[in-house]
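The values are calculated or read from the model by the stated rules, or taken from the named source; none is laboratory data. This is a predicted model, so every value here is computed, not measured. Methodologically, a virtual Cβ is constructed for each residue, glycine included, from the backbone with ideal geometry; neighbour enumeration extends over all protein chains shown.
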Amino acid sequence: MMKNFISVIRGKALILTICGILLVIGNAFGQGGACPAGSPMAGNNSCYFVAATGSDSNSGTSESSPWLHAPGMPTCSGNCASLKAGNGGIGIILRGGDTWHLGNSGAAPYTGGTWDLYGWFGNSYTADYSSGCQYEGTQTGCLYVGVDKTWYAGSSWARPILTGDNPTLSGTGSFVSSCGYQISNPGGNFGSNGMVNIPAWTIFDNFELTGLCVSAASTTSGNGYLLGGSYGGNSQVALAMITNDYFHGWTSTSTAGTGSNSHPAVILTLGGVQDVFDHIVIDGSDSNPEIVSWAAFSMFRHMRDSIVRYAGQGVGANCHDIHDNIFEHFFYTELDGHYNALECNAEAGSNYGGLNYTNSANVFYNNVIRHFDPSFGSGEVLWFCPNATSDYWFNNLQYDLSGQTWAIAGPNGYSMCTMTGGQFMFNNTLVDAAQPCHGGGSNNSGGAYMTVYNEHLINSPFDNSGCTGYGDSSNISMSDATATSQGYTTGSSGTVQSNTCANDTTTPCAPTSASNTTVGVGHNLINNGTVADAVTTTWCATLATFTSEYTIGTEAANACLYGTTDSCTYNSTTHTMNCPGLAPVQRPTSGNWNAGAYQLGTGGGQPQPPSNVVATAH
């Protein structure tokens with residue numbers, strides 16, 4: 001949860017009077033205007049405004065005197081070009097409903113190519129952002145690139161649009177004969193044909209990005225919507241927050257990405273930066289989903305309340321806090337031969353990228369993974385790399401998939417997958433999948449590195465008997481036929497499998513009656529072994545002890561006490577997420593829990609956060 005506390009002045013003009021001499025230190029252009037109430041910069045006088053009806057000769061310090069371009073756009077000139085970023089604490093506000101063109105030089109307003117915020121903000125800096133730009137803490141020291149939802153063109157609010165000017169597709173699975181426009185990058189950062197170069201310590205909020213087309217055979221870098229990275233020589237763990245954005249409308253020729261290990265197109269590639277993805281929508285239903293990797297080399301510090309659909313694989317590292325997301329309608333990326341819905345080559349705590357959590361855990365909960373295309377084949381659906389930091393997997397649903405592995409370990413040769421911190425998997429519902437009591441890897445020979453309880457396994461046999469909890473009475477296994485007879489599944493064909501979950505759009509594969517097999521048979525993971533067949537563990541209480549992070553010690557600990565939220569509800573008209581998708585049902589403090597992701601009953605909502613926590617408004 002994003003929170004704002006006291007304002008911290010960073011990177012703004014500082015005016016001092018010494019012996020009658022006025023000194024101005026900071027932005028060459030001068031002080032910005034008041035920031036909109038909905039931004040994390042609210043209360044600071046450091047925002048600049050941009051609209052399709054503006055002029056770069058305007059002051060840019062108010063919505064009534066906006067610039068035409070934003071700093072970092074190659075065509076930015078005049079007063080716009082005079083603004084220097086300093087060390088953060090600046091807001092760049094684009095008017096909702098306006099469109100900026102990155103590909104077609106004949107369209108207006110034209111950006112001149114890649115919006116190079118990275119180059120504008122500075123290729124290196126030494127300022128300490130540890131207190132001024134934090135996901136859990138004050139954000140007034142960030143570079144905020146976003147919106148004022150009360151300022152828009154037209155009759156109602158819509159995101160500002162950044163387009164590469166190539167048309168979207170009316171259907172999926174097809175190539176274009178040629179790309180109409182390629183995006184030039186005069187700044188040269190991260191290659192060419194990328195829309196936005198994101199620097200560290202940035203919040204990039206509420207944009208729609210569309211119209212990217214790629215054709216080059218070698219497209220490993222520089223072909224995507226958001227590109228970015230950390231700064232050379234910077235020993236800090238850099239941070240970028242991507243929030244409320246909508247990505248869609250990508251196309252390619254059949255020659256794109258045919259080089260070795262070369263992704264035809266990438267939605268997000270923010271290597272070296274600890275990334276936050278919050279309420280993002282990646283929806284390739286108007287694209288060619290078979291040619292895109294939705295993420296490449298991102299570092300998933302936090303990913304929440306988001307959806308990725310009609311896309312190819314995502315690959316990254318430092319997976320840490322991933323919850324309430326939907327991964328659906330995934331395709332085999334045919335041009336570069338990759339699977340995986342989410343692949344993490346390292347988890348937080350492995351010192352990958354300089355990150356080491358000494359008082360926390362990695363969590364993966366309330367996620368829905370479903371409806372993969374038959375082309376997906378037999379690759380891993382989820383690929384993780386456990387290490388010395390504990391992992392907690394709970395309240396997840398996986399169904400109607402072609403990939404048959406719920407993988408928790410990296411491949412042979414990944415030495416960082418030590419699998420020594422303890423992995424705990426409980427209260428998940430898996431349909432026609434493989435339950436991982438081991439996931440391979442060079443440091444695991446099938447031993448008991450994982451503890452598994454309260455699983456609902458529909459035609460999903462354990463793949464190895466070496467894990468703790470294998471064969472326990474709380475792990476409920478049943479055939480497809482039994483699941484259909486009890487109302488968990490329909491027995492009718494889904495996207496891939498011969499049967500799929502009942503109530504797919506509301507409570508997929510949930511129990512419908514107190515007589516269902518999963519009801520009242522699970523271990524109680526709160527009361528430390530007081531129920532009849534209890535185990536001596538209090539995983540929810542353990543999560544609450546990780547007080548170094550609110551998102552783990554409070555949010556994950558609270559979620560552990562409830563059934564699944566079914567992630568979020570996706571509005572395909574506004575392309576926004578409404579979370580939670582389901583009011584979760586509290587699991588009993590005494591007595592047996594249900595097995596699987598659901599707790600049968602009436603939802604009452606999760607515990608509210610402490611009153612001194614303020615969420616960032618969007």
By my count, strands (runs of 3 or more DSSP E) wholly in the stretch 45-154 with at least 3 residues that are closer than 22 Å to residue 239 by Cα are 90-94, 143-146
Among residues of the stretch 541-556 being at pLDDT below 95 and of a type outside the set (Val, Ile, Thr), the residue surrounded by the most Cβ atoms within 10 Å (Cβ to Cβ) is 543
Of the residues in the stretch 312-332 that are in contact with a helix residue (DSSP H, G or I) (Cβ under 6 Å, 6 or more places away or on another chain) and part of a strand (DSSP E or B), the one that is surrounded by the most Cβ atoms within 10 Å (Cβ to Cβ) is 330
Subset of the stretch 558-588, residues surrounded by fewer than 24 Cβ atoms within 10 Å (Cβ to Cβ), among the small types (Gly, Ala, Ser) and closer than 22 Å to residue 525 by Cα, comes to 583
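Within the stretch 346-374, which residues are over 11 Å from residue 387 (Cβ atoms) and either modelled with pLDDT of 90 or more or surrounded by 24 or more Cβ atoms within 10 Å (Cβ to Cβ) (or both)?
We begin by selecting, within the stretch 346-374, every residue over 11 Å from residue 387 (Cβ atoms); these are 353-355, 358-361, 363-374.
Result: 361, 363, 364, 365, 366, 367, 368, 369, 370, 371, 372.
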Would you be able to say whether some residue in the stretch 71-85 is modelled with pLDDT under 90 and in contact with a helix residue (DSSP H, G or I) (Cβ under 9 Å, 6 or more places away or on another chain)?
yes
Only one of 42, 51 is among the aliphatic types (A, V, I, L, M) and surrounded by fewer than 21 Cβ atoms within 10 Å (Cβ to Cβ), namely 42
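Would you list the strands (runs of 3 or more DSSP E) that sit entirely within the stretch 264-311 and hold 3 or more residues that are under 16 Å from residue 367 (Cα atoms) and either β-branched (Val, Ile, Thr) or at pLDDT 80 or above (or both)?
Details: elements: 265-271, 274-278, 281-283, 292-304.
Ranges flagged: 292-304.
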- Determine if the stretch 496-504 includes at least one residue that is of a type in the set (D, E, K, R), more than 23 Å from residue 582 (Cβ to Cβ) and surrounded by 15 or more Cβ atoms within 10 Å (Cβ to Cβ). no
Of those in the stretch 391-404 that are at pLDDT below 90 and in contact with a helix residue (DSSP H, G or I) (Cβ under 8 Å, 6 or more places away or on another chain), the residue nearest to residue 502 (Cα to Cα) is 401
Given the criteria surrounded by 17 or more Cβ atoms within 10 Å (Cβ to Cβ) and not hydrophobic (A, V, I, L, M, F, W, C), does residue 591 qualify? no
Checklist entry - When you look at residue 148, is it of a type in the set (D, E, K, R) and at pLDDT below 90, yes or no? => result no
Condition set surrounded by 19 or more Cβ atoms within 10 Å (Cβ to Cβ) and over 19 Å from the mean Cα position of the chain (by Cα), scope the stretch 126-138, selection modelled with the highest pLDDT: answer is 132
Within the stretch 501-540, residues in a loop (DSSP other than H, G, I, E, B), among the hydrophobic types (A, V, I, L, M, F, W, C) and modelled with pLDDT of 90 or more come out as 502, 509, 510, 514, 519, 521
